1. State the percentage of accessible surface on region 43-115 attributable to carbon and sulfur atoms; use a 1.4 Å probe and exclude ligands, DNA and RNA.
2. Per residue, how much accessible surface does region 43-100 expose to a 1.4 Å probe? Answer in Å², no decimals.
3. What residues from region 36-59 fall in the zone where the backbone N is under 14 Å from a label point 7 Å along the Cα-to-C-beta line of Asn99?
4. In sequence order, what are the phi-derived ³J(HN,Hα) couplings for region 55-70 according to the Karplus relation 6.51 cos²θ - 1.76 cosθ + 1.60 with θ = phi - 60°, rounded to whole Hz, with x for glycine and proline?
5. Tell me, what HN-Hα J-couplings in whole Hz come from the Karplus equation 6.51 cos²θ - 1.76 cosθ + 1.60 at θ = phi - 60° for each residue of region 106-114, using x for Gly and Pro?
Amino acid sequence: MTAWGGDQINQYGNGNIGKIDQRSGDVRNQVSVAERAAASAELTAFIAHLHEVGLLSPDGDPVDTSAIEAEIVKKESTLRKVVNVIGRGAKEALAKAVNHVVVPLLLKLVEQQLR
């Protein structure tokens, strides 16, 4: 039996029929709507912080990329949900959820911190 209730199939003889599963993707990497929403809120708050400290222009363009990178390291504990979602392969979903010009750069910089 699998963790999500799939069927166990016993086979006798030669050959391999494989595992039959109606789900797609690796279940461990699926990110829930609530997790995406929490990461989106975290990222939105971080963008507001970057505006407050002057690292983003009024249009949202980065003023100093290396200072933004340093701020990501400094504020790492406030970006845990973002790191979790990116680490589980939902970077594109997060980018769609938070529509801001600086999001691709931020996600790239956060992803680099994972390495």
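The values are calculated or read from the model by the stated rules, or taken from the named source; none is laboratory data. Keep in mind the model is a prediction, meaning the values are calculated, not measured. A quick note on method: Cβ atoms are made from the backbone with ideal geometry, for glycine too, and the neighbour counts reach across all protein chains shown. Just the protein is used for accessible areas: all its heavy atoms, side chains included, with ligands, DNA and RNA removed. Shrake-Rupley method; radii C 1.70, N 1.55, O 1.52, S 1.80 Å.
1. 50
2. Averaged over the residues of region 43-100, the accessible area is 57 Å².
3. Backbone N within reach: none found.
4. 8, 10, 5, x, 7, x, 6, x, 8, 8, 4, 5, 5, 5, 4, 5
5. Each residue's phi maps through the Karplus curve to give 4, 5, 5, 5, 5, 4, 5, 5, 6 Hz.
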